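Each remark here refers to the structure printed beneath this line.
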Amino acid sequence: MNHLVAIVGPTGIGKSRVAIRLAQVFRGEIVNADSRQVYRYMDIGTAKPETKELSLVPHHLISIIDPDESFSLAQFQALAYQTIKGIHQRHKLPLLVGGSGLYVWAVLEGWKIPAVPPDLELRKRLEEKAAARGADELYQELMGLDPAAAQKIDPRNVRRVIRALEICQKTGAYFSQLQSKEAPPFKILIIGLTADRRELYRRIDLRVDKMIKQGLVAEVEKLLNMGYDFKLPSMSGIGYKQIGLFFKGELTLAEAIEQIKSETHRFVRHQYTWFRLDDARIHWFDVARQPDSEVEARLIEFLKTESKEGVAR
């Protein structure tokens with residue numbers, strides 16, 4: 001049977017660490033489902049696994065495009081399915097790991113993504129509008145057109161907001177209604193990692209401090225020297241945007257660091273709209289209270305199950 005294990009949860013909870021441990025124990029390979037880790041040269045600010053961690057087990061779909069390249073949800077989904085198929089052919093266990101709800105559920109639920117080609121001229125107009133009037137104005141426009149789609153998109157993710165507006169304007173239909181689903185042919189276990197909000201924020205703040213010590217400022221400076229502009233969607237992510245404001249003289253470094261922490265706290269709250277604690281499909285584990293052995297036990301139980309349901313309950 002073709003098994004697939006997804007490891008989901010908020011930023012900073014330790015998904016990569018748990019995934020590497022499970023991959024070592026269960027002969028697995030990791031498929032990245034973080035929308036920021038697909039970019040090359042953006043390592044510290046996206047919290048990619050370090051070189052030593054990457055060497056422990058095979059990792060896929062990390063550092064596959066340049067920061068100025070476009071990359072659609074449909075492209076990710078196709079690559080993920082292709083990668084999972086290859087892992088199955090090697091008789092290994094694929095682990096889909098990440099906190100990007102769009103990426104994760106597009107794979108697990110088999111979204112039929114609207115085949116609407118990009119309208120570069122429309123995108124440029126919308127990008128200029130966002131730059132001139134603020135991302136929130138675009139988001140409010142989407143809320144007026146398709147509130148169901150807007151509620152699933154982070155208001156600061158300008159690229160996703162523009163894509164939803166593009167589909168609405170090009171098709172005359174709601175983006176949210178065009179996404180039908182066809183369950184993929186996998187037996188799926190979804191493991192969710194969580195912690196109480198205070199502990200989660202503590203972990204996030206420590207990770208941001210670690211990013212600064214590792215050289216996030218130098219990483220952003222290098223990207224600028226390579227010609228990557230802050231207007232790029234890739235450079236608008238949390239961390240890169242705030243360090244950019246520091247370089248522009250609009251924030252002190254201390255203010256930029258504080259903003260990174262507060263914006264990450266806010267982003268985490270948004271992630272829980274994708275990965276709900278009351279979602280019966282997700283088997284939640286509190287990382288501060290439950291040892292990794294409990295996750296391993298659940299995975300052993302899953303692999304022994306011969307049920308043909310699409311998602312393990």
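The values are calculated or read from the model by the stated rules, or taken from the named source; none is laboratory data. Only a predicted model underlies this, so the values are computations on that prediction, with no experimental measurement involved. Cβ atoms come from the backbone with ideal geometry, glycine included; neighbour counts cover every protein chain shown. Side chains are part of the model used for accessible areas, which takes the heavy atoms of the whole protein and leaves out ligands, DNA and RNA. Shrake-Rupley method; radii C 1.70, N 1.55, O 1.52, S 1.80 Å.
Observations, loosely collected:
- The set of residues in region 4-28 being farther than 17 Å from Phe267 by Cβ, open to solvent by less than 10 Å² (accessible area, probe 1.4 Å) and of a type outside the set (A, V, I, L, M, F, W, C) consists of Gly28 alone.
- Note on region 261-284: residues that are in a helix (DSSP H, G or I) and not acidic (Asp, Glu) total 13.
- Summed over region 275-286, residues that are open to solvent by less than 30 Å² (accessible area, probe 1.4 Å) and among the aliphatic types (A, V, I, L, M) total 1.
- Search result, residues across region 118-136 that are open to solvent by less than 90 Å² (accessible area, probe 1.4 Å) and without any contact (Cβ under 8 Å) to a residue 12 or more places away in the chain: Lys129, Ala132, Gly134
- Subset of region 65-77 that is in a loop (DSSP other than H, G, I, E, B) and farther than 17 Å from Met226 by Cα - its residue that is least open to solvent (accessible area, probe 1.4 Å): Phe71
- Of all residues making up region 29-54, the number that are of a type in the set (Gly, Ala, Ser) and open to solvent by less than 10 Å² (accessible area, probe 1.4 Å): 1
- Complete set of residues in region 233-288 that are in contact (Cβ under 8 Å) with a residue 24 or more places away in the chain and among the basic types (Lys, Arg): Lys261, Arg281
- A search for C-beta distances below 6 Å between a residue of region 2-30 that is on the phi > 0 side of the Ramachandran plot and any residue that is surrounded by fewer than 23 Cβ atoms within 10 Å (Cβ to Cβ) and β-branched (Val, Ile, Thr), counting only pairs 6+ apart in sequence or on different chains, returns Gly9/Thr194; Gly12/Ile204; Gly14/Val287.
- Exactly one residue among Ser63, Ser55 is out of contact with any helix residue (DSSP H, G or I) (no Cβ under 9 Å at 6 or more places or on another chain), modelled with pLDDT of 95 or more, on the phi > 0 side of the Ramachandran plot and not aromatic (Phe, Trp, Tyr), and that residue is Ser63.
- Neighbours by Cβ (under 9 Å, 6+ apart or cross-chain): first from region 34-48, within 18 Å of Tyr228 (Cα to Cα) and in a loop (DSSP other than H, G, I, E, B); second open to solvent by 30 Å² or more (accessible area, probe 1.4 Å) and hydroxyl-bearing (Ser, Thr, Tyr): Gln37/Ser63; Val38/Ser63; Arg40/Ser63; Tyr41/Ser63; Met42/Ser63; Asp43/Ser63
- Residue within region 158-165 that is farther than 28 Å from Gln82 by Cα, touching a helix residue (DSSP H, G or I) at 6+ places or on another chain (Cβ under 7 Å) and loosely packed, with under 13 Cβ neighbours inside 10 Å present: no
- Residue check, Gly227 out of contact with any helix residue (DSSP H, G or I) (no Cβ under 7 Å at 6 or more places or on another chain), open to solvent by less than 20 Å² (accessible area, probe 1.4 Å) and not in a helix (DSSP H, G or I): no
- In summary, Ala173 fulfils each of the numbered conditions (1) modelled with pLDDT of 95 or more; (2) open to solvent by less than 40 Å² (accessible area, probe 1.4 Å); (3) farther than 28 Å from Leu95 by Cα with the single exception of condition (1).
- Count - residues of region 129-167 that are part of a helix (DSSP H, G or I), of a type outside the set (Lys, Arg) and within 26 Å of Pro67 (Cα to Cα): 18
- Search result, residues across region 232-260 that are surrounded by fewer than 18 Cβ atoms within 10 Å (Cβ to Cβ) and part of a helix (DSSP H, G or I): Ser236, Leu245, Phe247, Leu253, Ala254, Glu255, Glu258
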